[in-house]
1. Does Tyr131 satisfy the condition of being in a helix (DSSP H, G or I) and either surrounded by 15 or more Cβ atoms within 10 Å (Cβ to Cβ) or among the acidic types (Asp, Glu) (or both)?
2. Where residues in region 343-385 are assigned to a strand (DSSP E or B) and of a type in the set (D, E, K, R), which of them is most open to solvent (accessible area, probe 1.4 Å)?
3. Could you list all residues from region 134-158 that are open to solvent by 30 Å² or more (accessible area, probe 1.4 Å) and either among the hydroxyl-bearing types (Ser, Thr, Tyr) or outside any helix (DSSP H, G or I) (or both)?
4. I'd like the full set of residues that are farther than 17 Å from Thr209 by Cβ and either assigned to a strand (DSSP E or B) or in contact with a Lys or Arg (Cβ under 7 Å, 6 or more places away or on another chain) (or both), limited to region 34-59.
5. Given the conditions (1) at pLDDT 95 or above; (2) under 26 Å from the mean Cα position of the chain (by Cα), which single one is not true for Lys50?
6. Going by the conditions given, is Lys170 surrounded by fewer than 18 Cβ atoms within 10 Å (Cβ to Cβ), among the basic types (Lys, Arg) and within 24 Å of the chain's Cα centre (by Cα)?
Amino acid sequence: MKKFIFLIVVLPFVAFSQNIKGTFSPAEDYTYAFLYRATPDGANYIERGKMNDSGSFEITLDSTAKPGIYKIVYAIPPEENNFDFIYDGNETVDFSFSQDEGIEFKESLENKLWNSYLKSMDMVNQTISNYYTKQGTDKAAFKAIFKTLKETQSAYEESAVGKMVLNFIKANKPYIPSDYEDISTYSKNLKSHFFKNVDFSSELLQSSTFLTDRVSGYVFNMIENPSNEDYKSLVDDVAKAISDNDLEIKTSLLEMLWQNFLTLENNDMANYITDNYLLDLANKTNNKALAETITSFKNTSIGTKAPNFEISADGNNTSLHDLKGSDYYLLIFWSSGCGHCLNELPKVKAILANNAQIKVVAFGLEDSKGKWSSAIKDYPDFIHTIGLEKWDNPIVTTYGISATPTYFLLDTNKIIKAKPYDYEELEVVLKDL
């Protein structure tokens, strides 16, 4: 997901309204622009502007609108179709936007300064990359390149004095060696200085995408083809860089990394973050929802032994871990009041009718035994157990169940081998056995 931070000039306070306006192209692809004020905790809806036939919109803000980071959401899903900017309470913001070209601001002096800074730094960084790619050893050329880098940074910092953009330019200040360094030494020092100038306690930075972009860039772009051991070291660096005085933002950024590793299907790294940082942070910040989410994921990660529970049905008492005699166990969380379940369970019964190596364990999430007792008669070959209180049953939290039916394929030792998303995916998994 591409995210943008655009910043606006700080002018003396004038008590009149200002406008947020823009033009999106191609016009037919857009309908509304939704304006939010971003905070470290999220985003608060302000207003929406309807696009006209040319793709333009305009939202008027009065003098009570607070300066800070604002966000435009222009399509769904909103988390993938948005960009940030700063509104200072005084200056109209006018921009043009397209997916191919990104954003160009027509009015907003600091945005132009920020864009110019980023482009200038990119050019110098490309020169540095070219120098090392060619295995450069010319010390005079080395000094000239980094002299340009230093002067570029200093010039933009001077231009940004008294402006909100200065927070971002200073936070983005790169490592600048004083003497010649080979690629190994430079890379090591670049890595160790990456967060040196970042103020994680800054509300302005916390409200923007700057911190998430910088942390993501460090973990996922610092090392080419990283191993999990590399990732662990990089995550450790992030955790060390953020003071325990900033527990909320530390929790938020490590949760973001946890989510990124889930997207990459790297369960080992997601659980590493949980075990070493995130669960402790969730508890310290009293974030019970996060603690339950990451714990249930760890409990049910592929390769993990499925959490045990008692099985009590037909007068026989046992447990999941004590079941024996099958190569695989298909654990299904279902409910007799769930239409999807009543549609899919007969299909499961049919596809496994001649498969003696798989035994079904059907865990019914129910409010009462009545309908469940009747429904299970259609599945005499399943191992049945019931969890009363339905969604409040503790097993729901343990397994992170958010919908029924939910499937888990376990091996004979109750190790989770697969977590099919739906019946169609379950069919594919079963065919591969």
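The values are calculated or read from the model by the stated rules, or taken from the named source; none is laboratory data. What you see is a predicted model, and the numbers here were worked out from it, not measured in a lab. Don't worry about glycine lacking a Cβ; one is built from the backbone with ideal geometry, like all the others, and counts go over all protein chains shown. All accessible areas refer to the heavy atoms of the entire protein, side chains included, with ligands and DNA or RNA removed. Shrake-Rupley method; radii C 1.70, N 1.55, O 1.52, S 1.80 Å.
1. Against the criterion (in a helix (DSSP H, G or I) and either surrounded by 15 or more Cβ atoms within 10 Å (Cβ to Cβ) or among the acidic types (Asp, Glu) (or both)), Tyr131 qualifies.
2. Across region 343-385, the extreme among qualifying residues is Lys359.
3. Lys134, Gln135, Thr137, Asp138, Thr148, Ser154, Tyr156
4. Selection gives Tyr45, Ile46, Glu47, Arg48, Gly49, Lys50, Ser56, Phe57, Glu58, Ile59.
5. Just one mismatch for Lys50, condition (2).
6. For Lys170, the condition - surrounded by fewer than 18 Cβ atoms within 10 Å (Cβ to Cβ), among the basic types (Lys, Arg) and within 24 Å of the chain's Cα centre (by Cα) - is not met.
Residue-by-condition table, conditions (1) under 22 Å from Lys196 (Cβ atoms); (2) out of contact with any Phe, Trp or Tyr (no Cβ under 6 Å at 6 or more places or on another chain); (3) in contact (Cβ under 8 Å) with a residue 60 or more places away in the chain:
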| residue | (1), (2), (3) |
| --- | --- |
| Ile249 | yes, no, yes |
| Leu257 | yes, yes, no |
| Phe261 | no, yes, no |
| Asn271 | no, yes, no |
| Asn276 | no, yes, no |
| Leu279 | no, yes, no |
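Matching residues to (1) part of a loop (DSSP other than H, G, I, E, B); (2) charged (D, E, K, R); (3) more than 21 Å from Gly68 (Cα to Cα):
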| site | (1), (2), (3) |
| --- | --- |
| Val198 | yes, no, no |
| Ser201 | yes, no, no |
| Gln206 | no, no, no |
| Glu224 | yes, yes, yes |
| Ser233 | no, no, yes |
| Leu247 | no, no, yes |
